[in-house]
Amino acid sequence: MEKQKDKKDFFLRVLELVKKIPYGYVTTYGSIAQCLGLKSSARMVGWALNSAAADYSIPCHRVVNRNGELTGKQYFATPEMMRELLESEGITFKGDQVNMQSHFTDAALFL
DNA sequence: CCGCTGACCCTAG
DNA sequence: ACTAGGGCCAGCG
């Protein structure tokens, strides 16, 4: 854990954590930001994913906001894709929001 | 070089 | 219970 490559961009650390999100689980930007040491920089998490949006190796669809809403769906190939991917993984929805009480998990548990 | 924007979250009135 | 504002870090014009 220590001796981590601090030289690595924050953006890469986010991707590493997001890639560790297991199947059928969802986390929030805030949890990821806290895991990286950034308490209130959840915005940067979105920025990092934005750069990685083109990378299909990263399940960015499993990352939602505190409200359980799919904020970044617009940045996907198609806005419907995010919902389809989550439903495909067994994630349930509450209207247009993800059922957090059933699938929300702290990003720290993936570390 | 300086300033703005951004897939957010929290505290206060 | 709701609305408004501030804060945070990094990339880009």
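Only the coordinates and a few stated rules stand behind these numbers; no lab work does. Only a predicted model underlies this, so the values are computations on that prediction, with no experimental measurement involved. Because the Cβ atoms are built from the backbone with ideal geometry, glycine has one as well, and the counts that use them run over all protein chains shown.
Key figures
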| item | result |
| --- | --- |
| Complete set of residues in the stretch A:17-54 that are near DNA strand B (Cβ under 9 Å from one of its atoms) and among the charged types (D, E, K, R) | A:Lys39, A:Arg43 |
| Yes/no for A:Leu15 being free of Cβ contacts under 8 Å to residues at least 60 places away in the same chain and in a helix (DSSP H, G or I) | yes |
